[in-house]
Amino acid sequence: MSSAVPPPGQRPRCNLWLESRYRKLRRGLPQTIFYCPVCKGDRRRRVDCPECKGFGKLTKESVQELIGRRLLPAMAAKEGKFHGAGREDIDVLMLGRGRPFIYEVVGARNPDVDLEALRREIEQRAEGQIELQPFVRVDRKRVVYWKETHFDKVYRADVALGGPVDPQRLAAAAAFDGAILQRTPQRVAHRRADLDRPRSLRVLELQPAGEGLLQLRVMCQHGTYVKEWISGDETRTTPSLASLLGVPSKCQTLDVEEILTDDVPGPRLKPAAATTPDAEP
Ligand SMILES: [Zn+2]
């Protein structure tokens with residue numbers, strides 16, 4: 001646990017792992033610190049950085065920082081590490097029971113704080129951007145569990161259409177339940193292997209929601225890129241919602257409605273194939 005012998009009168013430092021789930025209720029909030037891609041937030045390099053103008057980051061806040069800025073001082077800790085069970089895009093809300101994560105507290109001198117009071121304080125100071133489930137002290141092995149276990153997810157989306165849809169094609173798309181083949185999306189191709197991945201997907205709901213708009217709810221296997229399933233990503237995903245409908249389709253807003261962890265009741269998908277340890281949309 002503790003490393004060096006502390007000076008007289010000072011408590012030894014220890015590390016601890018706190019498990020919780022976060023709901024993210026504001027778009028534009030990243031899960032972890034969004035370091036500038038040019039200077040990587042480095043203290044010296046960021047000074048003259050043209051990308052972030054010395055800030056070192058591309059957003060003011062993140063879920064990680066909203067938690068850490070209260071938790072780390074309260075525990076007199078050196079550093080916090082955020083281990084999420086996957087992550088959603090910055091513009092995607094995380095609803096339902098929230099996304100499991102472990103906040104690793106490094107070098108805490110004061111670990112015996114009232115975790116429930118701390119959680120309430122974090123929520124209050126976050127001003128509605130995030131909500132947290134009560135913290136539970138866990139073993140470090142839980143990090144591995146959440147990193148390596150994959151879950152189906154339910155998403156909801158507003159879809160903008162490029163033209164009128166034939167009612168029969170809309171009905172067929174609304175009943176889609178099967179396998180799709182998804183080549184690595186262009187937007188992540190620079191950091192992921194360029195592969196074709198089979199994924200299972202079930203449309204739960206698809207209905208008109210105003211002029212040129214559809215409301216979509218969909219259950220997908222881990223690792224499905226939902227925005228690209230909607231648009232087709234220039235035929236890199238087949239079939240796509242756009243190909244099923246026969247009109248250009250674009251995801252306007254996307255929310256994770258639920259991550260189907262083992263404690264969530266209800267049906268699951270049959271995996272389309274052995275899943276690769278890969279990222280989420
Ligand atoms: Zn920078």
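The values are calculated or read from the model by the stated rules, or taken from the named source; none is laboratory data. Predicted, not measured: the structure shown is a model, and the values here were computed from it. Cβ: placed from backbone, ideal geometry, glycine included. Neighbour counts: every protein chain shown.
Rundown of residues vs (1) surrounded by 14 or more Cβ atoms within 10 Å (Cβ to Cβ); (2) among the hydrophobic types (A, V, I, L, M, F, W, C); (3) closer than 30 Å to L244 by Cβ, yes/no style:
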site	(1), (2), (3)
V105	yes, yes, no
I130	yes, yes, no
K153	yes, no, yes
A173	yes, yes, yes
F176	yes, yes, yes
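For I33, the conditions (1) in contact with a strand residue (DSSP E or B) (Cβ under 6 Å, 6 or more places away or on another chain); (2) surrounded by fewer than 20 Cβ atoms within 10 Å (Cβ to Cβ); (3) among the β-branched types (V, I, T) are fulfilled apart from (1).
Restricting attention to segment 1-49, and to residues there that are in a strand (DSSP E or B) and charged (D, E, K, R), which single residue is nearest to the ligand (Cβ to nearest atom)? Filtering first and then ranking leaves K24. In segment 50-68, the residues that are within 8 Å of the ligand (Cβ to nearest atom) form Cβ pairs under 6 Å with partners that are among the basic types (K, R), at six or more places apart or across chains, as follows: G54/R46; G56/R46. For F34, the requirement of being of a type in the set (A, V, I, L, M, F, W, C) and at pLDDT below 95 is met. Which residues, taken from segment 50-69, are assigned to a loop (DSSP other than H, G, I, E, B) and of a type in the set (K, R)? Hits for segment 50-69 are K53, K60. Residue pairs whose Cβ atoms lie under 6 Å apart, separated by 6 or more positions or on different chains, with the first residue in segment 163-174 and closer than 13 Å to P208 by Cβ and at pLDDT below 95 and the second of a type outside the set (D, E) and surrounded by fewer than 16 Cβ atoms within 10 Å (Cβ to Cβ), do not occur. Of the strands (runs of 3 or more DSSP E) lying entirely inside segment 148-223, the ones with 3 or more residues being more than 22 Å from the chain's Cα centre (by Cα) and under 24 Å from L93 (Cβ atoms) are found at 196-208.
Of everything in segment 187-234, what is modelled with pLDDT under 95 and of a type in the set (V, I, T)? Give them in sequence order. Within segment 187-234, V188 is the sole residue that qualifies.
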